[in-house]
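Some notes on the structure that comes next.
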Amino acid sequence: CWLAATSAEAQAQDQAQAHAPMMARSDHAVEQAAELLRGELVREWTVPALARTVGLSPNYLAACFRSRFAMTIARYRLVQRIHEARVLLAGSDVPVREVARRVGIRDPHHFNKLFRRIAGVPPSAARLALSTTK
C-alpha cells in the first residue's frame, strides 16, 4: 500500500511539473491580453482575434482570463473604458460625446447608459464630483 501511495504522489508531482510551463505561458498570455485591452481601448477586440494575438485558443483564453480577473473579457474591456473615461472627465473639459469617442464607444447615449451602469452616476455628475475633489 505504501509503495502504491508513494507512486501515486510521484505521478501527481510529475504531472504538476509538466503543467507548470504551460500555466506560466497561459498566465503570461492572459496578462498580455489584458495589456492589449488597456492599451487599445478604441479597437474592437474579438476573443478570437485576441486569442490569436497572444497564442491561445479562444475558449482557453476566455477561461483563464475569467479565472484571473473574475470577469469576462468583454466586461474587463468595458470597465477599462469607463475608467479611462473617468480620467478624461476629471482632467479636461472635453465634451462627454468626445470622451465617449476617445474610449471607443461611438454612441453617446449608449456611453451614458454604460457609464451609469458601471460608475453608478451619469458622466456629467461624475465630472462634477471629480472636479470638486481636486
Note to self: I need the phi-derived Karplus couplings for segment 113-127: 6.51 cos²θ - 1.76 cosθ + 1.60, θ = phi - 60°, integer Hz, Gly and Pro marked x.
What the structure shows: 4, 5, 4, 4, 5, 7, 8, x, 9, x, x, 5, 5, 5, 4
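Determine the equivalent ellipsoid of segment 55-134 by diagonalising the alpha-carbon gyration tensor, then write out the semi-axes as square roots of 5 times the eigenvalues, largest first, rounded to whole Å.
So the three semi-axes of segment 55-134 are 28, 13, 11 Å.
FYI, it's all coordinate maths here, none of it is from the lab. All values derive from a computational prediction rather than experimental measurement.
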